[in-house]
Structure formats: structure tokens, C-alpha cells
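One structure below.
The values are calculated or read from the model by the stated rules, or taken from the named source; none is laboratory data. All values derive from a computational prediction rather than experimental measurement. Heads up, the Cβs are rebuilt from the backbone with ideal geometry, glycines too, and the neighbour counts pull from every protein chain shown.
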């Protein structure tokens, strides 16, 4: 059944059009960058964009940063929202079920096909943008290592984490790091050598509340900080590993969206409804993440740790948020798939 | 309400056929089981392939299927007839485990549905409420996917698909995608899907929708052929002619209730009266006297012949009276008469 679902997915023209469009956006950006050589100033624009002029081999990371906020989740919501509702709307669901295909098995196969789509899409974006990047910018020495540990304080995943700004060598000096209590939670973080410690984060630093920085803001600032890179060149193997880690993390980040859309897909017979529902959930999550008043729930929001993939490009790789992100996504997938299963296996298929 | 189509009972001439009242229940009366057997039934000569007990499906307060006891025996060609919206499709979906009953029991091929539905579904070929396929794939690719979805082995898939396509008359179809198919072709493809697993039981919901008369006849012949090979056919339709031409047993459903379940021959029995078509209607009426029961709007006369005399004696009497006779035939109750009389208007009528 898994194979059948994969065949359905990849024999569908729409799948390839979607993947193609997702690859196209970074290519367009790359063409503009290459023809004008005007990089966004550090601290602005998507992560990594200013670094790619130095080395095209960093472009996959920049491309992922470009598609991650909107295009990738939209594509995943479309595909996952269509899984069950699309079959139901087209009438093929009843023929599958009387074949017979068990409802649980069908649901699992659909989940697998969503995962396969995300993997294929992320791989296609990374692969195509690597080719584009190296072609347009050359494969100069990638200096991808971000020298700053993200300046996050306030309620972290377990509440204990105030990743003290003190550990960030290249941190903006004004980082309101909540007392700088270099908590025992992450004592192992050495201050990375920051020769070129750039002045980063200044745009955001003043706007934050002086005592406690909203996590999102810190996250955004951390993302910004990525735009200014320095450090020792990465070996190709090191870069490849970091990139693979980031790709894997982004893939998993998308599974939460996929699970929401898949669950809604079992609820409604309209794939559009399921897709829009999932996107509405994401937008709600994004709004709440930026809302100080919602700080009590932010650690559990599906988009909260989306940008943590950037931590793969720090030296050393900063794992705390990555770990938290994985746990959050896993929780969403498990809970929503259980809900989808409970709903789908007891539902009248009257469509 | 019903699409009458052509009549196949040979009792043409526009004679209106009245019905005798026996054997037909009004919708309000409870329906006694025709061949009530205990549920799990002991092995009998013609085991029941489908049996339901008190099957009910409610949507809110409305009962789509209301306390239905259905009995389909092995080898039957069972016609499940009813106006639109009378619960036929809901019934079919419950038999297949797609819709869960509110109350009642279902046994199909000896297994309880929906609990053991996965043991029976591989032996069932089904078409529910129109065909469905992936429009961007060819018919063959669709069947291939369908076959691969099921529990059957990979080996012989190409042959199975080819045979099914051949059987429904799509053997020569090319690789064009299903979205370019006509409705008739889609219908055939749906039927091919139902035949893929060489089922013991075919459950078909309105299988000839969208087919032209030629196609309808072809499908009918195919179903009869399959039935002779041992497949039990359960067919739901609102097309009287289709059921009359194909089925050996008929169940009539009205507003969710099964109001009749009998062999078709028993439904279409003779009334003992004779329908007379004549150009000399008035003279005939005079000659017949009290034997004349009724006159149809088309001018035919309905006559009760004297006991033991039959149509032949009637003919002699009429000819003796100088009445010319175009046709003289025994009156039968048509399925249509029965259905129209015992069912209300379709629920799609406002």
C-alpha cells in the first residue's frame, strides 16, 4: 500500500509542478543576486543570503531559508490536505476501502507519502539550489559558521533554559540575556572563537523589552545574525553534514503541518478546506509566537522552533532548540495522527 | 420518479394493467422475513449470501434505512429497487462496511459486517454510486493501482487487469487518461474494477448509469453470464426495466423500508384477466356485458373471462358477435405497477 501511495504521489503532475515551483523561487533570487551582486546587508533579508556571494555552496541553506516560512508549508499543507479528502471527493476512497485496504493502513500509507513528499521537496530545493549557487557564485570557501549562540532568554522549552548571552562570543553586547545566568543546562557550550565578531542584532536589540527578550525576537535576531558570517572555512564534508542535518530538521519541522492537514483531511471531504485549515493553524501559531502575552504557550506551538535549523551552522552545533523542535514536532505528529485514526476508522464514508 | 424505459414483459398495446392485492404489503406494515433463518444460519441448500436483521441507519432523526431484513441467496440475481433517496445507496454502503449501521446485524458471505468485513471484501466486487478513478491516469493504470492496493499477489496482475478490461469491452482502449473517458467508458471501467478479483458476489449500485442502450444490453448479458458462472449479483437500481430484464429476485425499498421481497416471477404473476385490443371497442363492450372490468385510456378493454373459458373462449364469443380483434393477451402485473402502488413518490420530489 505504501508503494501504491508513493506511485500515486509521484505519478501526479501536480507533485512535480509544486516541487518545480519551490525550486524556482531560490533560482530567481539567485539570478538577481548574481547579476547585481547586491547582497542584503547583514541582519536583513533571509538568512545566509549575504554569505552566498562568497560561496555558492552555501546557497542550499539560503534557498531553504527562502522557502521555509511560506512556500514549503503551503506545499505540504496542499499535499497532506489532499491525501484523504482528495480521494473522498473524487470517490476513489470508497473503492480503495472495498478493495479492501484497511483504514489504519491507508492512513499510515498517506502519512508515508506526505513524508516522502517533504523529503523529495527539501532534497530537490537543496540540490537544485546547490547547482544554481555554484554555477552563479562559484564554489568559494564556505564560511558558514555562525559565531553567535542565539540570544534567547525567557521561557524556553522547559523553563530552565536561559541560554545566557555570555556564551555567545559574537553576541550583541546589549543582549538582554536575562541576567546572564549561564545555567547549568548548557554548560558545555564553549564560547566560540569569534574573530570577526560582527555587530549584529542591533536593529532588534533596542526594541526588545530591556529585561526579557521575547523568544521569537531573539530567534529572529539569531536568524539575522546568520547573515553575517565569519570563521574558518568549512570542509566540504563538514558543510555537507551540516546541510544534511538542516535538511532533516526542516523535513521534520514540516511534519507537524503535514499531520495537521492530514487530520483535517479525514474530517472534511474538501481538500481545500483541509489545506486552508492547516494554514490557518500555522498562521495562528505564527501570530502567537510573536505575542508576548502568549508566552506561556509558545514553546508548544508548531512553528516555534522552525528556525532552529540555523543552529546546525553554528560552531559548535547548538542542539538545545533543535532537540526541543524535534520533540514538539513528534508530539504534533503522534497526537494528530491518533486523532486522525480515531476519526477515520469510525467514520461513515458516504462520499 | 422512475425511469420506465422500455417494457420487456411483452404486454404492450398500452394496456393499463391493474394489480391484485395479494403478496404486496403497504409500507406501514412490518415486513415478515421471507426466509427467516437464525443468524448464523445452519448450512442449507441455497445459503444466504447477504442477510440483514433489523438493519437501521439514522442520520439525525431521519432513518435512511429503517429496520430492513434483506435475504439474498447464493446464485440470485437480486434487484434492489426503489425511488431516488429511498436508502438504496446507504444500504449498499453498509453491506460493504463503508457506512456503519445505527442498529441491526449484517452477514455477508457468512461473515459479520463490519466486524469481519476484511474477510469478505476480497470476495466481493463492488460499484458504489458511480465509478471513480484517477483522471490523470489511463484506465489500465487505474486498475493496476487498484489491484496493487488489494491483498492479491503481484503475480498475474497484468493478466488480471487485461482480462477485466476485456470483459467489460475496454480491451482495445489506448493509453489516454480517464478524464477524457465518456461516462459510459468510466462506468465500464468501474465494472472492470469490480471484476478484478473474480468475486463471488457482485454488489452494484446503478451499474448502467450513463450507458447507451447497446451498452446496457452488453452489461446485462455480462452480468447474466457471470451469474451463470456462479457469481451472485446484487444490483440496486431505480430503473424498473433494468431489474425486470435482469433479476430473478426483487426487493423493493421505499423511504428506507423494505416493502417487498419476492421472486420476480411471483411479482409479475398473471391476474387471470385478459386485455383485449380491438378497433370495435363499443361493440365489444356491448357483447361482453358484465365481463368487462375496465377500459384503458388507450382504448383497450380489460375483461374477466368466464370461468374455465379463458382467452380462447372469449375470442370465439367476440368473433361471433362481429368484433374484430387486434390482440388478446393475458394480463400480468408488471413490476412497475407493483412498485408504483406500494411506494410513495421519490424523496427528491419537493
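The residues listed here are A:58, A:9, A:21; of these, the one that is modelled with pLDDT of 90 or more, in a helix (DSSP H, G or I) and away from chain B (no Cβ under 14 Å) is A:21.
Condition check for residue B:123 on (1) over 29 Å from residue A:13 (Cβ atoms); (2) under 23 Å from the mean Cα position of the chain (by Cα); (3) surrounded by 19 or more Cβ atoms within 10 Å (Cβ to Cβ): one failure, at (3). Would you say residue B:196 is in contact with a strand residue (DSSP E or B) (Cβ under 8 Å, 6 or more places away or on another chain) and either closer than 19 Å to residue B:246 by Cα or within 11 Å of chain A (Cβ to nearest Cβ) (or both)? Yes; evaluated as a whole, the condition is true for this residue. Take residue A:310 and decide whether it is assigned to a helix (DSSP H, G or I), under 13 Å from residue A:256 (Cα atoms) and assigned by TED's automatic domain parsing to the domain that holds residue A:261. So residue A:310 does not fit the description; no. Every listed requirement among (1) surrounded by fewer than 17 Cβ atoms within 10 Å (Cβ to Cβ); (2) touching a helix residue (DSSP H, G or I) at 6+ places or on another chain (Cβ under 9 Å) is met by residue B:263 save one, (2). Among the residues making up region A:77-98, a single one is surrounded by fewer than 23 Cβ atoms within 10 Å (Cβ to Cβ) and farther than 14 Å from residue A:349 by Cα: A:78. The helices (runs of 4 or more DSSP H) located wholly in region A:201-270 that include 1 or more residues which are modelled with pLDDT under 85, more than 28 Å from residue A:327 (Cα to Cα) and not assigned by TED's automatic domain parsing to the domain that holds residue A:121 occupy A:202-205.
Scanning region B:152-193 for residues that are within 14 Å of chain A (Cβ to nearest Cβ), touching a helix residue (DSSP H, G or I) at 6+ places or on another chain (Cβ under 9 Å) and surrounded by fewer than 14 Cβ atoms within 10 Å (Cβ to Cβ) turns up B:154, B:175. For region B:101-123, filtering for residues that are at the interface with another protein chain (Cβ under 7 Å from one of its Cβ atoms) and touching a residue at least 40 places away in the same chain (Cβ under 8 Å) leaves 1. Being within 14 Å of chain A (Cβ to nearest Cβ) and either farther than 19 Å from residue B:259 by Cα or surrounded by fewer than 24 Cβ atoms within 10 Å (Cβ to Cβ) (or both) is the filter here; which residues of region B:69-89 pass it? Listed by number, the residues that qualify are B:85, B:89. With the condition kept exactly as written, say whether any residue in region A:40-52 is assigned to a helix (DSSP H, G or I) and either surrounded by 16 or more Cβ atoms within 10 Å (Cβ to Cβ) or more than 14 Å from chain B (Cβ to nearest Cβ) (or both). For region A:40-52, residues assigned to a helix (DSSP H, G or I) and either surrounded by 16 or more Cβ atoms within 10 Å (Cβ to Cβ) or more than 14 Å from chain B (Cβ to nearest Cβ) (or both): absent.
Going through region B:127-151 one residue at a time, which ones are at the interface with chain A (Cβ under 7 Å from one of its Cβ atoms) and in a strand (DSSP E or B)? Correct list: empty.
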